[in-house]
Structures are given as structure tokens and as C-alpha cells.
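As C-alpha cells, the structure follows; a few thoughts come after it.
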Amino acid sequence: MKWRLFNLVVLLASLALFLASATLWVRSYWRADSFVYYSGGRNTYGITANRGVFLLGRVTDDAPTGQRRWAHEVAGADPTWASQFGLSFGFGLHAAGAARFLFVPCGLVAVLSGSFAASSWLYLRRCRHRKRFGLCPACGYDLRATPDRCPECGRGGGRRHLT
């Protein structure tokens, strides 16, 4: 039960991440979206989608930034943006003074989060199928003849089966 709940949460979170990253990926060729968190201390964190690349960064200032807040900034996409950092295939690390940046292709984030969503959905579907047809939840063995315990793996079986 706990694993199914965990997989449901993973499914919903990875599906939301997939939809957000795919949307920002397509939008990044026309607009550069930045989501910035001002921590109220010296650090400012941000994620930017521009020309098919996500930039995750942290900038440390000498003076505190004031209050804690989130900001969403939109600008036109800059075609020369990635060439300034010497990225290869959209990947890269960059450090300049008190700033640290990680570059990741938007497509990679979309593919990975989509594959997590698909695998979680398949797991939940398989669990539902096994329960519905009276199969062992662990190994899939048919429990119609022995509903109390699975002869294959020894796990206590579900009592629900086809009649």
C-alpha cells in the first residue's frame, strides 16, 4: 500500500515536471522565462529557460537582498545566449566570481521526467491488474487454487480472485 501511494505521488510529480519542462522548452525559443528566489540573505537562486537550455544558478551578493520573495521575469530569447558559456550539447558548468551555474538541455529533463511518469503508471497498472485477477502481488503467480499463500514466493496472497 505504501509503495502504491509513493508511486502515485511520483507519477503526479513527474507528470507535472514533464508538462512544465516541455512547455518551457517550446516557449524558450520565443521567450526567456526566469524564476528567481531572493532568500533574504546573501544568496539568490534561479532557474531560466532560454533557447532549449535550462540554467540553474546561485549568485552570492556582498549585501543581503532584503526580504524573501519569488519573482518571475520574462524577456525575449537571446540567440547568442548559450554561445557565451561554451556549452556542448546544452550541458555545462560555469563559475564566475560568486556565481555558479549549471546548464541542462530542456529535452533531457522532459524525457527523464516523462519516463519516470510512464514507469510509475505501468507499475500502478500492473498492481491493479494483479489484484483484479487474483494474482500474487509480488510475483504474479495465479492464486485461485491457493488463496491464502503463494506457492511460488511464499507471500500471503490476496483473497480476491475470479469466480
Search result, residues across the stretch 104-137 that are over 18 Å from residue 26 (Cβ atoms) and part of a strand (DSSP E or B): 135
Pick from the stretch 3-35, criterion loosely packed, with under 14 Cβ neighbours inside 10 Å and of a type in the set (A, V, I, L, M), ranking: nearest to residue 73 (Cα to Cα): 26
Any pair with Cβ under 6 angstrom, 6 or more apart, that starts in the stretch 36-62 at a residue that is in the same structural domain as residue 74 (by TED's automatic domain parsing) and surrounded by 17 or more Cβ atoms within 10 Å (Cβ to Cβ) and ends at one that is part of a strand (DSSP E or B) and among the charged types (D, E, K, R): 38/69; 49/33
Pair list, Cβ under 7 Å, 6 or more apart: the stretch 109-120 residue on the phi < 0 side of the Ramachandran plot, other residue surrounded by fewer than 17 Cβ atoms within 10 Å (Cβ to Cβ): none
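The values are calculated or read from the model by the stated rules, or taken from the named source; none is laboratory data. In this text the structure is predicted, and so the values were computed from the model without any measurement. Quick reminder, even Gly has a Cβ in these numbers, built from the backbone with ideal geometry, and neighbours come from all protein chains shown.
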